[in-house]
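Report on the following structure.
The values are calculated or read from the model by the stated rules, or taken from the named source; none is laboratory data. Please read all numbers here as calculations on a predicted model, not as lab measurements. Heads up, the Cβs are rebuilt from the backbone with ideal geometry, glycines too, and the neighbour counts pull from every protein chain shown. Just the protein is used for accessible areas: all its heavy atoms, side chains included, with ligands, DNA and RNA removed. Shrake-Rupley method; radii C 1.70, N 1.55, O 1.52, S 1.80 Å.
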Amino acid sequence: MALSNSQYDQLMRTYELRQLDNEHRLRRHYENAYALIPELKELDEHVSSLSIAQAKNLLEGDDSALGQLRERLSLLFARKKELLLAGGLPEDYLERQYACADCRDTGYIGGRKCHCLQKAIIDMLYTQSNLKDVLHQENFSTFCTDYYSGNFIDPLTGKSSRELMQIALAACHEFAEGFPGRIENILLYGDTGVGKSFLTHCIAKELMDKSYSVIYFSAVQLFDHLAKNTFGKKEADGTEAFGHIYDCDLLIIDDLGTELSNSFTVSQLFVCLNERILRKKSTIISTNLALDDINSVYSERIFSRVSSNYRMLRLTGDDIRIQKKLLNLGGTHDATP
């Protein structure tokens, strides 16, 4: 999941092109403004000559030169804005405009990656998961509860399959709508094929549309990735891979329990979940395991973290995918879970 050198270079070329576009746009603005309001050019030339003269005075020992320069420049800049507005142009028309004002379209702030570059990296990594195509089919607008039975009663909760899904669906809507103001984690657990992964896709789509960084892993992919970066030849800028996992706005771990469980996966899962809790970053986990199984497979320590920091949503019922196949034999694809 870490960026290759070519991918990083591709992103940085985007920033370079953005800076060039900013420069060309500013030049066109100056040409247009000078043609429309000739006094502006005279004003800018006066600002330049004044700055040079006062700099000379400062070097010659005139300590008041800097203060005088600031006062006079303030008046000249105010006049400049008046001229622009009188000419029908915005007062910031001759200021450089940035797609990201925080890093000024460089991608870095003080040697550290700007949030816009981090978002671009996450988007590129997320695209590699091939989940974006899935999100066109699986999102809140295509979700349907018709397949969930009102007669199938869960013996643990006493609620029907449909009631449990309605509760989970409302909780997922609430999670997406309240993000990121309220830090929350979700565990979706229960029977196979009842829409757990579909719900994670719904949330991912909502957050990505709002430009939040989302990383999706199946459990197998996550632990394979962590193993490669721990034991194998590390990918380019491999430490960034862990940073993205820990720092992305939302991490989705799908189908926990399908991986080969061992001491490494257990320890890495604890580190991942605990680190994100400490950093106040949201995580969503889906699993077919029962709560007792999570406790026995992944240790009491992990179960304690999940039970005390996650909203646990149980889903049960008949496998929706089998129902769809039975009901839609020979029909078109149905996007419902």
I'd like to know which of Ser141, Pro155, Ile121 lies farthest towards the positive end of the charge dipole of the stretch 39-155, counting +1 on Cβ of Lys and Arg and -1 on Cβ of Asp and Glu.
Ile121
Where the stretch 31-159 is the region considered: accessible area per residue in Å², 1.4 Å probe:
62 Å²
Residue separation times 0.36 nm, minus the C-alpha to C-alpha distance between Thr14 and Gln97: what's the value?
28.3 nm
Would you work out the charge dipole size for the chain about its Cα centre, treating the Cβ of every Lys and Arg as +1 and the Cβ of every Asp and Glu as -1, and quote it to the nearest 20 debye?
260 debye
Per-residue HN-Hα couplings for the stretch 256-261, Karplus 6.51 cos²θ - 1.76 cosθ + 1.60 at θ = phi - 60°, whole Hz, x for Gly and Pro?
4, x, 8, 7, 6, 7
The set of residues whose placed amide H lies less than 5 Å from the amide H of Ile109, leaving out same-chain residues fewer than 5 positions away, is Cys114
For the chain, any Cys whose C-beta has no other cysteine C-beta under 4.7 angstrom counts as unpaired, and these are Cys144, Cys172, Cys202, Cys248, Cys272
Could you give the distance between the Cα centres of the stretch 140-168 and the stretch 1-73, to the whole Å?
61 Å
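Contact order normalised by length for the chain, with contacts defined as Cα pairs under 8 Å and 6 or more residues apart; what percent is it? List each step's numbers first, then the result.
Values: 387 pairs, mean separation 73.2, N = 337.
Value for the chain: 22 percent.
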For Rg/Rh (Cα atoms, Kirkwood Rh), the listed values are [x] 1.04; [y] 1.06; [z] 1.16; which was obtained by calculation from the structure presented?
[z]
HN-Hα J in Hz across the stretch 293-300 - Karplus 6.51, -1.76, 1.60, θ = phi - 60°, x for Gly and Pro:
5, 4, 5, 6, 7, 10, 5, 5
Crossing angle, helix 65-86 versus the chain [Cα axis fit, 0-90 degrees, rounded to tens]:
70 degrees
How many nm separate the modelled label positions at Tyr108 and Glu177, each set 7 Å beyond the Cα in the direction of the Cβ?
4.3 nm
Let me know the shape class of the stretch 1-112, please: from the alpha-carbon gyration tensor, a ≥ b ≥ c as square roots of the eigenvalues, rounded when a/c is under 1.5, otherwise prolate if a/b is greater than b/c, or oblate.
oblate
Helical mean residue ellipticity (222 nm; -39500 (n - 2.57) per DSSP H run of 4+; nearest 500) of the chain:
-19000 deg cm²/dmol
Which lysines have a Cα less than 19 Å from the Cα of Lys325, not counting those fewer than 8 places away in the same chain?
Lys196
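Based on DSSP loop calls and a cut-off of at most 11 other Cβ atoms within 10 Å, the longest stretch of the chain free of exposed GluC sites (Glu not before Pro) is what? Each step should come with its number before you reach the end.
Values: sites that count: Glu60, Glu95.
Excluding the exposed sites themselves, the longest stretch runs over 96-337.
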Angle between the chain longest axis and helix 219-231 axis [Cα atoms, degrees, rounded to 10]
60 degrees
